[in-house]
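Structure first, commentary second.
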Amino acid sequence: MLRAVGLPVGLSLLPLSLVGAGCCPPPAPTEVVLPATPAQRMAQGGRCREQPLALQILGSGGPVPDDGRASAGYLLWHEGKARLLVDAGGGVFLRFGEAKARIADLDAILLTHLHADHAGDLPALLKGGYFAERERPLPIVGPAGGERFPATDAFVRGLLDADTGTFRYLSGYLDGRLFELPTTVVDPERPPATVLSSAGLTVEAVGVHHGTIPALGYVVALGSFRVAFTGDQSADSKAFAERIAGVDILVAHHAIPEEGSGVEHLHRTPSQIAQMAQDAGVKSLVLSHHMKRSLDDLMGSLELMRSIYAGPIEVGDDLSCYPLAPPAE
């Protein structure tokens, strides 16, 4: 069973901010994780890199700036290095620094789709990369284009092109003066594809249904551990549900309530998230990408989800950390 560092086997996952505090039984089934204060975030932010292998939430919020949360962003830590960044929504640049991550360490940036709350901080991160001690290329992976969205390679060029780019002063990323940004574009309509394989780390991109928006989910494997990221997806994302069997952590976007949102064609409802996790034998479920509409009846949603899914459920916050391996002896 997946467990938090310092807890007996059989207890549910705890965010790292609670581990080792000498106090804590697992949270009650209806406990709510509220956004931490800036001071608390700074205190807990860098602790995830101390773990041999861990998932960290950088941004647990959505596109509305009224909840004290950054928009979508996640890190996978391995042996003190942030190896993967998944999404880069507004506020992720700040949380990236609070987590004490370094752009020099990243093996890739994975974008689930090109909504602003998932990709809006990419330019700021690339500006930070200007000062990084890095020479090797930094791959960027993302979806192909659609009616109102560019393909990911065109999106990057639109930011950085020397003549037409929004941030053309950073065109060194495209002309060789800075480290390269090789871009892998994945057609969501095609079968799942391996987009990265490096030093024991494997990433599979899976097309998901998010209305008319080209979108991807990701399944990441490092050694025997597997983590999956839903991104934004509706219940029509059957290929993704088939690829996540037995993952150690499923990071699922909790963006809508069970009833009355009117956007089920864009997102899974709480019961649909829970059913997917149960059917796939997911070992632990972490909810993120919260919005006010989904938090208003959080207790009811958790009760419903726990009636369907037998594993532990965590309500993620910015900088929450979930170890995937016990500390080295």
According to a simple spin-label model (label point 7 Å from Cα along Cα-to-Cβ), what is the distance in nm between Glu180 and His265?
-> 4.1
Any chance you could check the Cα centroid distance between the range 205-222 and the range 110-125 for me, in angstrom?
-> 14
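Taking 31 Å as the cut-off for C-alpha to C-alpha distance, list the pairs among Lys100/Lys292; Lys238/Lys292; Lys81/Lys292 that go past it.
Working: Lys100/Lys292 29 Å; Lys238/Lys292 27 Å; Lys81/Lys292 33 Å.
Correct reply: Lys81/Lys292.
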Paramagnetic label zone (point 7 Å from Cα along Cα-to-C-beta, Glu258; backbone N under 18 Å) in the range 174-212 = none
Extension gain Ser198-Lys100, at 0.36 nm per residue separation less the Cα-Cα distance, in nm?
-> 33.0 nm
Where does each of 284-294, 54-64 land if you order them by average Cβ count within 10 Å, highest first?
-> 54-64, 284-294
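Throughout, read-outs are computed from the coordinates displayed, never taken from laboratory work. Worth saying up front: this structure is predicted, and the values here are computed from it rather than measured. Quick reminder, even Gly has a Cβ in these numbers, built from the backbone with ideal geometry, and neighbours come from all protein chains shown.
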